[in-house]
1. Counting Lys and Arg as +1 and Asp and Glu as -1, what is the net charge of the other residues whose Cβ lies under 12 Å from the Cβ of Cys21?
2. Among Ile5, Ile55, which comes first, second and so on when ranked by fewest other beta-carbon atoms within 10 Å?
3. Under 13 Å from the Cβ of Ile55, count the other residues' Cβ atoms, weight Lys and Arg +1, Asp and Glu -1, and hand me the total.
4. Residue-wise, which Karplus ³J(HN,Hα) couplings in Hz belong to segment 18-29, taking 6.51 cos²θ - 1.76 cosθ + 1.60, θ = phi - 60°, and x for glycine or proline?
5. Whole-Hz ³J(HN,Hα) for each residue in segment 43-55, computed from phi via Karplus 6.51 cos²θ - 1.76 cosθ + 1.60 with θ = phi - 60°, x for glycine and proline: what do you get?
6. Out of residues 5 or more away from Lys44 or on other chains, whose amide H comes under 5 Å of its own, with H placed 1.01 Å from N in the peptide plane?
7. Measure off 7 Å from each Cα along the Cα-to-Cβ vector at Tyr20 and Arg2, then give the distance between these two points in nanometres to one decimal.
Amino acid sequence: MRIAISVSSKCDLCGLCAEYCPTGVFRVSGSRLEVNESACIYCKGCEVLCPVRAISVRALDEGLSIVRGRTLVSAKPS
Ligand code: SF4
Ligand code: SF4
């Protein structure tokens, strides 16, 4: 399954998703949230867990091509 994860600018880097995700998809690094889509097992728990609903996890059609692996998502300045 191909999975795309997006994190909106509502993210305040609280780190809850990084603590929760069973496969370590998220990591807070400085002022960024690192997202490793290739490790996602599509449990969708992070979408519910995020206090500001910043995370969207989508399964993509096989016909769509995406770049897998590490994606850096900028968080809004605090
Ligand atoms: S995506 Fe949500 S749970 Fe994860 S660090 Fe940002 S605000 Fe926190
Ligand atoms: S859907 Fe599950 S496995 Fe994927 S990033 Fe969210 S918590 Fe982690």
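Derivation of every value follows stated rules applied to the coordinates shown; laboratory data play no part. Computed from a predicted structure; not experimentally measured. Positions of Cβ are generated from backbone atoms using ideal geometry, with glycine treated the same way; all protein chains shown enter the neighbour counts.
1. Summing Lys and Arg as +1 and Asp and Glu as -1 gives -2.
2. So the ranking, lowest neighbour count to highest, is Ile5, Ile55.
3. +1
4. Taking θ as phi minus 60°, the curve returns 5, 6, 7, 3, x, 10, x, 5, 9, 8, 7, 9 Hz for segment 18-29.
5. Here the 3J(HN,Hα) series is 7, 6, x, 5, 4, 6, 5, 4, x, 10, 6, 8, 9 Hz.
6. It is none; the list stays empty.
7. For the pair Tyr20/Arg2, the computed spacing is 2.7 nm.
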